[in-house]
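First up is the structure itself, then whatever we jot down about it.
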Amino acid sequence: MPYYNFNSFTGRIAETTHPQPFYPLAPHRLDLAEPPKIMYDSSRTKPVQVASASTSARPQSTLSPELLKKYQKFQAPNNIPVHLKGGPMDKILLGTTVVLIGIGLIQAGDLIYKLGFPKK
């Protein structure tokens with residue numbers, strides 16, 4: 001695979017004879033002791049001060065109490081499948097879905113049979 005270099009003399013990009021793409025630059029290992037310098041878009045931009053979890057107070061939830069109760073209900077480890085945790089309405093919706101899928105499969109099978117063995 002050829003690599004290309006910018007030739008400053010001719011002002012064009014030309015195929016290079018060097019076997020590596022970053023010649024003569026070699027990749028350098030990141031020095032973890034020295035963090036990278038951050039450049040801001042303006043002099044008014046300041047970094048955000050983040051307080052550690054041990055010094056800050058417990059954050060207040062922005063969830064409504066009703067939604068929090070639903071979270072607790074659906075995340076409780078009570079070995080009930082999630083599609084049945086909503087109560088009787090979920091059972092009705094599940095039953096309706098199963099019946100409709102069954103009807104659709106029967107009709108699809110009937111159509112395939114009728115198309116495969118047409119009446120003479």
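Just to check I understand the Karplus step: with θ = phi - 60° and J = 6.51 cos²θ - 1.76 cosθ + 1.60, what whole-Hz values come out for the stretch 76-84, glycine and proline as x?
5, x, 10, 6, 9, x, 5, 6, 10
Mind checking the full-extension length gain between Thr97 and Thr62? Use 0.36 nm per residue of separation minus the Cα-Cα distance, one decimal, nm.
Additional length available on full extension: 9.1 nm.
No lab work stands behind these numbers, since they all come straight from the coordinates. What you are looking at is a predicted structure, and each value in this text was computed from that prediction instead of being measured.
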